[in-house]
Amino acid sequence: MTLVELLVAMVVMSIGVAALVAGFSSGVFAINRARLTSTAGTLADQQMEIYRQAAFTALPVGLQTPTTPSGPDGHTYWMQVDGAWTCAVGTYSAGPPATCSGTPTSRPLKLLTITVRDGSATAKLLFTENATFDSSTG
């Protein structure tokens, strides 16, 4: 009778240990995903701050050539900037001159989108950041 009880106790304990190991491994994967996403967000923020300090005329329009910056973790990321003309109200017309239709009237704006992926153009999307720039702010 004691041998059967010992066998049952060992089976129950092995199931518990297996559950703990599975929990730890999923935690490691979650932390790794969070590290990549956090670093990608930091890289996108740094690039957007560079654009915020630039003159309005220096902001890019169109899809820019992708870069592959390395994060402080040594991992390589894929980052691309896309600049587009838009309007706060109405629709954008390239002109000349460039105008926005709609009521109330508004000035054309530049919308910059920074996309960061895990190492290549086809890899997992980690972070996207958008910002709108107005010519009146410099």
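Scan segment 28-47 and tell me whether some residue there is within 19 Å of residue 136 (Cβ to Cβ), surrounded by 12 or more Cβ atoms within 10 Å (Cβ to Cβ) and out of contact with any Leu (no Cβ under 6 Å at 6 or more places or on another chain).
no
In contact with a strand residue (DSSP E or B) (Cβ under 8 Å, 6 or more places away or on another chain), among the acidic types (Asp, Glu), surrounded by 10 or more Cβ atoms within 10 Å (Cβ to Cβ) and without any contact (Cβ under 8 Å) to a residue 40 or more places away in the chain - does that describe any residue in segment 73-88?
Yes, that holds for at least one residue.
Scan segment 56-67 for residues that are surrounded by 11 or more Cβ atoms within 10 Å (Cβ to Cβ) and either part of a loop (DSSP other than H, G, I, E, B) or on the phi > 0 side of the Ramachandran plot (or both) and jot them down.
Matches in segment 56-67: 59, 60, 61, 64, 66.
Can you pull out the residues in segment 38-69 that are hydroxyl-bearing (Ser, Thr, Tyr) and in contact with a helix residue (DSSP H, G or I) (Cβ under 9 Å, 6 or more places away or on another chain)?
51, 57, 67 - these are the residues of segment 38-69 that are hydroxyl-bearing (Ser, Thr, Tyr) and in contact with a helix residue (DSSP H, G or I) (Cβ under 9 Å, 6 or more places away or on another chain).
Please note which strands (runs of 3 or more DSSP E) are completely contained in segment 70-138 and include at least 1 residues that are under 13 Å from residue 37 (Cα atoms). Explain how you work it out, then say what you get.
On the way: elements: 78-87, 91-93, 99-101, 108-117, 125-134.
The qualifying strands (runs of 3 or more DSSP E) are 78-87, 108-117, 125-134.
More than 17 Å from residue 52 (Cα to Cα), in contact with a Ser or Thr (Cβ under 9 Å, 6 or more places away or on another chain) and among the charged types (D, E, K, R), is that true of residue 82?
No; evaluated as a whole, the condition is false for this residue.
Pull up segment 93-110, narrow it to residues that are crowded, with 17+ Cβ neighbours inside 10 Å and within 18 Å of residue 60 (Cα to Cα), then point me to the one that is modelled with the lowest pLDDT.
It comes out as 108.
The values are calculated or read from the model by the stated rules, or taken from the named source; none is laboratory data. Note that the coordinates shown come from a computational prediction; the quantities given were computed from them, not determined experimentally. Here Cβ is always computed from backbone atoms with ideal geometry, including for glycine, and neighbour counts include all displayed protein chains.
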